[in-house]
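Inspection log for the structure reproduced underneath, given as C-alpha cells.
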Amino acid sequence: MKLRSHTQLIQLVPSVENGVRNKQSQQKAAHDYHAKEREILEGQAVYAKDFRNKKAWMSGSVVEKTGPVSARVQLENGTVKRRHQDHVRRRENDVAEEPVISVTPSVTPSVTPSVIPVVLPEPVAAPPTPGVSDQLEVPKSPSAAPTQTPVKTSPLVTRPVRKRVRPGYLEDYLCEL
C-alpha cells in the first residue's frame, strides 16, 4: 500500500512537497510583482475584441459583469457579446475616438535601386549697378523651368565585405582569389 515505513533513512530524504510549495510561492511572488490589476466596471467605455469582423477591436461599453473576469459588452453596432478581460481594453471617454486597428499583415517593400530626380534652382543674378562696367552679365536662359539632374541611389549594404589578402607563402604562384 502507499504507506512509507518510518525509519531514519526516510528522514534523510528531503520532502518533495515542501520543495514544490517553496517553488510555487516564489513563482506567485514573481507574478504578483509584475501583474496589473484589471477591473471591469459596468458602464465603462471599452474596446472589445470582435472575432467575426475584420476590425480587430470594436468600441463599446460594458452592460453587465458576468463573472470575476468576464463581462457582457455592447458593441457600437448594437450587438451584445460576452468577453473575457483578456479581450477587453479600457477606452477613455474624454479622448477623441481612436482609429480601430485592423489585423492585416503588413507588406514591406523590397529595396531596389532607383533614380530620383533632383530639382536644382537657377542662380539668381544681382541687378547691374548703374555706371559699373566691371560686372559680368549673365545671359538669361529662354526657359524658366528648373533643371533636373538624375541621382542614382545604391541599395543598402547590410553586411560588410571582407578584404581578401593572398597568404605570403603563395606569392610565387599565380592564382586568383
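The values are calculated or read from the model by the stated rules, or taken from the named source; none is laboratory data. Small disclaimer: the values here were computed from a predicted structure and weren't measured. No Cβ is skipped: glycine too gets one built from the backbone with ideal geometry, and neighbour counts run over all protein chains shown.
No other residue among ARG72, ARG38 is surrounded by 10 or more Cβ atoms within 10 Å (Cβ to Cβ), modelled with pLDDT of 80 or more and out of contact with any Asp or Glu (no Cβ under 7 Å at 6 or more places or on another chain) apart from ARG38. Among the residues making up region 56-67, those that are modelled with pLDDT of 90 or more and in a loop (DSSP other than H, G, I, E, B) are THR66, GLY67.
Please determine, by comparing only the residues of region 75-89 that are surrounded by fewer than 16 Cβ atoms within 10 Å (Cβ to Cβ) and in contact with a strand residue (DSSP E or B) (Cβ under 6 Å, 6 or more places away or on another chain), which one is farthest from LEU41 (Cα to Cα). Looking at the filtered set, the residue picked out is GLU76. Answer yes if at least one residue in region 45-55 is at pLDDT 90 or above and either more than 29 Å from the chain's Cα centre (by Cα) or surrounded by fewer than 16 Cβ atoms within 10 Å (Cβ to Cβ) (or both), and no otherwise. Checked against the condition, which is being at pLDDT 90 or above and either more than 29 Å from the chain's Cα centre (by Cα) or surrounded by fewer than 16 Cβ atoms within 10 Å (Cβ to Cβ) (or both), region 45-55 yields at least one hit. Going through ARG52, ARG38, ARG83 one at a time, which residue ends up being in contact (Cβ under 8 Å) with a residue 40 or more places away in the chain, of a type in the set (Lys, Arg) and not in a helix (DSSP H, G or I)? Result of the check over ARG52, ARG38, ARG83: ARG38.
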